[in-house]
1. Could you please let me know if Arg198 is basic (Lys, Arg) and under 20 Å from the mean Cα position of the chain (by Cα)?
2. Show me the strands (runs of 3 or more DSSP E) found entirely inside the range 173-250 where at least 3 residues are in contact with a helix residue (DSSP H, G or I) (Cβ under 7 Å, 6 or more places away or on another chain), in the same structural domain as Pro265 (by TED's automatic domain parsing) and free of Cβ contacts under 8 Å to residues at least 60 places away in the same chain.
3. Can you tell me which condition Ser141 does not meet? The list is (1) outside the structural domain of Gly12 (by TED's automatic domain parsing); (2) assigned to a helix (DSSP H, G or I); (3) within 18 Å of Gly15 (Cβ to Cβ), and all the others hold.
4. Do we find that Asp148 is part of a helix (DSSP H, G or I) and farther than 27 Å from Ser351 by Cα in this structure?
5. Looking at the range 305-319 only, could you name the residues that are within 17 Å of Glu269 (Cα to Cα) and touching a strand residue (DSSP E or B) at 6+ places or on another chain (Cβ under 8 Å)?
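The values are calculated or read from the model by the stated rules, or taken from the named source; none is laboratory data. As the structure is a prediction and not an experimental result, all values here were calculated from the model. Cβ atoms come from the backbone with ideal geometry, glycine included; neighbour counts cover every protein chain shown.
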Amino acid sequence: MKRLLCLIENLGSGGAERQLTGLAVMLKQQGYEVEVWYYVKKDFYLPYLQENGVVGRYLSDAANAKKRFFALRKHIKEYHPDTVISYSASTSMIVCVLKRLGEKYRLIVSERNTTQKLTRNEKLRFFCYRWADVIVPNSHSQAKFINDHFLELSNKVKVITNFVDTEKFKPSDEPIPSLEETRMVCVGRLMPQKNLPRFIEAIGKVVATGYKLYVDWFGQDLKDAYSADCHKALQEHHLEQSFVFHAPSSNIQEEYQKADVFCLPSLYEGFPNVLCEAMSCGKPVLSSRVCDNPNIVQEDENGLLFDPLSVDNMVATIERYLELPQEKKTEMGKNSRQIAVGMFSKDAFVSKYNEIIS
């Protein structure tokens, strides 16, 4: 039986954590011996691993950045995995260097976002990838970035887009009541990538025009300066009653199901889990026209796309959706579900990983 080690920074509520824990469970079901290790004490997905018989190990001695390299080296030597799958940048660089120093394992590193600029840290990470066996971007846009900037790595690149549990994320059996107001749901951490100030301004303009639109945003609030700016923007645009921030939900599928429409206003993404999940729940989707999003959202078929740098374009797109007849909105939702079932299957996802593990 092959022994697999899945590494990630934490088991918080984010998309990378969702994908890695899902992958670990699928690989366990395939007959592998699997453990998931993390070193930042966030345990949102730990119960999910435990329920499915996968070991989730918090490495307290690796929590200190100065000791992390040696702590991971010690634990990996003791566990002696056949394959290591890394889903975060810091662990990817460490396991690449460990392999260069003589550790014997097949190494798969995953890219979870689309690189926007080549900083020194980015260059260092891609330099370390020369010692990985396979580089797995979850988006075609990141694969293109790697091929354009690091041609010597191109033969290692294999795109594996995210999966969705289409049995869990499915349309509600209960029809949504036909109401005058529209409930929009958004999911994501409160961070600059998510483009919140522009999005809040756009919602403010739509509501000021007279549309009855209510936004529920689910995601981790980091309680930093950016978060403070977001909450301040709600007050400036008088949206305290129309736009609410919520903590991450362990039953987010229920929030998708209760919504009329999903929106993702990000400045950039990898292959966004939340967009795919909302589609799987049969929702029309509004999304920024960036990275892989235009490959997922088919304009006028299951949703609408907008320029995330233009508040006016966001406003126009949201209002265009709100003005659509209900029959068209219903059709968009059905198309979303059909696309999701065809594109995001778990079987295809784990099959592609099986190919690169062996």
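1. Judged against the criteria, Arg198 is not a match.
2. In the range 173-250, the matching strands (runs of 3 or more DSSP E) lie at 213-218.
3. Ser141 satisfies every listed condition except (1).
4. yes
5. Leu305, Phe306, Asp307, Pro308
Condition check ((1) without any contact (Cβ under 8 Å) to a residue 12 or more places away in the chain; (2) farther than 19 Å from Met1 by Cα) across all residues:
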{"residue": "Gly14", "(1), (2)": "no, yes"}
{"residue": "Arg18", "(1), (2)": "no, yes"}
{"residue": "Leu23", "(1), (2)": "no, no"}
{"residue": "Leu27", "(1), (2)": "no, no"}
{"residue": "Glu33", "(1), (2)": "no, no"}
{"residue": "Tyr39", "(1), (2)": "no, yes"}
{"residue": "Lys42", "(1), (2)": "no, yes"}
{"residue": "Tyr48", "(1), (2)": "no, yes"}
{"residue": "Asn64", "(1), (2)": "yes, yes"}
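A quick yes/no check of all residues on (1) farther than 24 Å from Leu20 by Cβ; (2) touching a helix residue (DSSP H, G or I) at 6+ places or on another chain (Cβ under 6 Å); (3) without any contact (Cβ under 8 Å) to a residue 40 or more places away in the chain; (4) not aromatic (Phe, Trp, Tyr):
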| position | (1), (2), (3), (4) |
| --- | --- |
| Asn121 | no, no, yes, yes |
| Trp131 | no, yes, yes, no |
| Val134 | no, yes, no, yes |
| Val157 | no, yes, yes, yes |
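Residue-by-condition table, conditions (1) of a type outside the set (A, V, I, L, M); (2) within 22 Å of Lys194 (Cβ to Cβ); (3) not assigned by TED's automatic domain parsing to the domain that holds Gln193:
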residue	(1), (2), (3)
Asp260	yes, yes, no
Glu269	yes, yes, no
Glu277	yes, yes, no
Gly303	yes, yes, no
Leu309	no, yes, no
Thr330	yes, no, no
Lys334	yes, no, no
Ala348	no, no, yes
